[in-house]
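Reviewing the structure listed below.
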Amino acid sequence: MDTVAIVTCDKYEQQLIEAAVDRAIRSIGGFHDVIRPGMTVALKVNLLKRNKPEDNVTTNPLVVAAVAKQVIALGAKAVIGDSPGGPFNKAVLKDLYKMTGMEQAAALSGAELNFNTDVVEVGNPSGLVANQLTQMAFTHQADVVIDLPKLKTHGMTRYTGAVKNLFGTIPGTVKVEYHYRMPELKEFSTMLVDVCEFVKPAFTIMDAVWGMEGDGPSAGDPRKIGLILASRSPYALDFAAAGIIMENPMEICTIQRAVERGIGPASFDEIELVGDDYASVRIPDFNVPHSQGVDILKGRAPKFLLPLANRILTPRPKLMPKRCIGCGICMRSCPPKAITMVEKRPKFDLDVCIRCFCCHELCPEKALMIKRSALIRMLK
């Protein structure tokens, strides 16, 4: 039975964060039996794009610094890094680390920042849909990987946490190729579990002091949760974290895929929750996006109507013109090339759009929203 530590932490204050992270790590048995002197430990943070820590899009630097200190205290080298959406080069990383506070995390802890932009092509024989992977050398060559996600909702997968954060081990614009090759949610979530099984993080420490609800992972609304979570199993941690913000964690696609493989829990009876009282930290009114497409109509409507219903009811990107600055990031990040720029504004071909919402996710101005059907909301 996998253990998940639930530790309350009221705010991003250095002493409070360090105490909460220390308690969480000790609650899952500590790092000492895995991390040894001389090892290189990759701290895989969530640095989706250039956001300040207070935007609550990225892993908070105080949480990263607290974990790095624990690693360094064992005589290992801690290296902080990620591959954001878009180009993966040293100039981009330098700017990203400064904006997201990772420079601060490194200075506070003595950790290093990763500037190795080499990539490797690797075999993944156990992968169900991704038996070949492109990986950052940064995580692939480390002795140990520690997963440091942020608890957020997601326009495509509804929830993003431990498993989804490891999609960031696929470098830069290569992520776009994976979205294009696997546009269906079930296939895409299978790929996410393939990646997680390949990376095999030794520990997952989740920043859930503040998270994000609504249309995350970048354009939603910050929401105080007040927790640090930790586990040796990313699947158990995701189940527990999803259970804090929604009634049934089994509605999350990556959790379903892990259960199908027999590598993740299907109920709370399969997890040992330690630390603070779990029932008291659950948030019943957390705004989690509803299901993609028309899956919710299956069994409720004749099959011949589903294609038409899918066209009408499937969520779609919608521009908020007053916020758009015409930068074209949405067009460049669109996997199926469903966006063209017309008079410095994006135009969407919804027949081509695969509803991955990379455009929404990477827009620096929050100029794109996800338009959802009122009927789907009512049925849900």
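The values are calculated or read from the model by the stated rules, or taken from the named source; none is laboratory data. Note that the structure is predicted; figures quoted are calculated from it, not measured. All Cβ positions, glycine included, derive from the backbone under ideal geometry; neighbour counts span all protein chains shown. Heads up: the accessible areas ignore ligands, DNA and RNA and are worked out on the full protein's heavy atoms, side chains in. Shrake-Rupley method; radii C 1.70, N 1.55, O 1.52, S 1.80 Å.
Search the stretch 94-123 for residues being among the aliphatic types (A, V, I, L, M) and assigned to a strand (DSSP E or B), and hand back the single one that is most open to solvent (accessible area, probe 1.4 Å). So, considering only residues that are among the aliphatic types (A, V, I, L, M) and assigned to a strand (DSSP E or B), the one most open to solvent (accessible area, probe 1.4 Å) is V119.
For the stretch 313-368, filtered to residues that are of a type in the set (V, I, T) and within 18 Å of P183 (Cβ to Cβ), the residue that is modelled with the lowest pLDDT is T314. If you check L43, L74, L16 for being at negative phi and surrounded by 23 or more Cβ atoms within 10 Å (Cβ to Cβ), only one passes: L43.
Restricted to the stretch 235-253, and to residues that are open to solvent by less than 10 Å² (accessible area, probe 1.4 Å) and not hydrophobic (A, V, I, L, M, F, W, C), which residue is farthest from F31 (Cα to Cα)? Result: P249.
If we scan the stretch 70-93, do we find a residue that is among the basic types (K, R), assigned to a helix (DSSP H, G or I) and touching a Phe, Trp or Tyr at 6+ places or on another chain (Cβ under 9 Å)? Yes, some residue in the stretch 70-93 is among the basic types (K, R), assigned to a helix (DSSP H, G or I) and touching a Phe, Trp or Tyr at 6+ places or on another chain (Cβ under 9 Å). Of the residues making up the stretch 157-205, those that are assigned to a helix (DSSP H, G or I), among the charged types (D, E, K, R), within 27 Å of V34 (Cα to Cα) and open to solvent by 30 Å² or more (accessible area, probe 1.4 Å) number 1.
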